[in-house]
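Each remark here refers to the structure printed beneath this line.
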Amino acid sequence: MLIVEELHMLLLRPDGRVESAVSVNRLYGEVAAVIVDLALHGRIAVSDEKNPVIEIVSTDPTGNPILDTTLQRLVPLRGKRLQSLVVRPKLDPLEIVVESLIVQGVLVKGEGGFFGWGSARTPESDSTPEQALRARLAAVLAGTGAPTQADLALLAILQNLNAAHAILREECGGLSSRDLKKRIEQLTAGSRAGDAVAKAVNDAITAAMVAIMTPTIVAATIT
């Protein structure tokens, strides 16, 4: 399963609604996650400069509709700054991620919102994949499981969405929000090795964090 699919499972409540802690920032996290997935699959790279840009390494199909659709959307945007890409609704993988999870039997298409308005909810149909994912992350946080690059990316994205404690309340072993942040920083610090994939992971997550913080900074400046 892709990182963006695992992230989406974590961000959904069992009734199919997005957790309130990430209702505003979901876009940034999921675009960052799918960019990381593309880097892990060797389709994109991130330039080595202060304001990194996306470089297309290969347009060969991966066979995964989420990755291939996102890659097609990225091709006309090659050379754009990563920070500008994570805020683009055009790159939002939500629909294809949901469709993929429905096909896998993880989610089921439910009813629309109030009086049928709005998009249909997609409640959880099979909780087994999410339970396995949460157990894996709990082991990583506890130090009893070796973290994969996907685990580190998920933890870093959740932390930079300011949602790690809210989403992983049961998996953090009683850690406070502050201590959980320190634990995630401790884990992810070792992943910043500087290779092309690690750089793409960290730059995408940083871009998402900047996107989240910018409206707050602007509002504080205005007031």
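A few remarks follow.
- Which numbered condition ARG81 fails, given (1) open to solvent by 90 Å² or more (accessible area, probe 1.4 Å); (2) at pLDDT 95 or above: (2)
- In the range 138-157, residue nearest to the chain's Cα centre (by Cα) [restricted to those that are under 23 Å from ILE102 (Cα atoms) and open to solvent by less than 20 Å² (accessible area, probe 1.4 Å)]: LEU154
- Candidate set: the range 121-168, residues that are assigned to a loop (DSSP other than H, G, I, E, B) and without any contact (Cβ under 8 Å) to a residue 12 or more places away in the chain; chosen: the one nearest to VAL108 (Cα to Cα): THR148
- Test: GLN104 is at pLDDT 95 or above, touching a helix residue (DSSP H, G or I) at 6+ places or on another chain (Cβ under 9 Å) and either open to solvent by 20 Å² or more (accessible area, probe 1.4 Å) or farther than 27 Å from HIS165 by Cα (or both): yes
Here is a yes/no grid of residues against (1) at pLDDT 95 or above; (2) in a helix (DSSP H, G or I); (3) farther than 17 Å from LEU82 by Cα; (4) touching a helix residue (DSSP H, G or I) at 6+ places or on another chain (Cβ under 8 Å):
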position	(1), (2), (3), (4)
CYS172	yes, no, yes, yes
ARG183	yes, yes, yes, yes
ARG192	no, no, yes, yes
ALA200	no, yes, no, yes
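- Among the criteria (1) modelled with pLDDT of 95 or more; (2) within 21 Å of LEU94 (Cβ to Cβ), the one ARG121 does not fulfil is (1).
- Residues of the range 124-137 that turn out to be surrounded by 15 or more Cβ atoms within 10 Å (Cβ to Cβ) and within 18 Å of the chain's Cα centre (by Cα), as a count: 6
- Selection of the range 24-71 for residues being outside any loop (DSSP other than H, G, I, E, B), open to solvent by 20 Å² or more (accessible area, probe 1.4 Å) and touching a residue at least 12 places away in the same chain (Cβ under 8 Å) yields ARG26, LEU27, TYR28, LEU40, ALA45, VAL53, GLU55, ILE56, PRO65, THR69.
The values are calculated or read from the model by the stated rules, or taken from the named source; none is laboratory data. Since we're looking at a predicted model, the values are computed, not measured. Glycine also receives a Cβ, built like all others from the backbone with ideal geometry; neighbour counts cover every protein chain displayed. We work out accessible area using only protein heavy atoms, side chains counted, and drop any ligands, DNA or RNA first. Shrake-Rupley method; radii C 1.70, N 1.55, O 1.52, S 1.80 Å.
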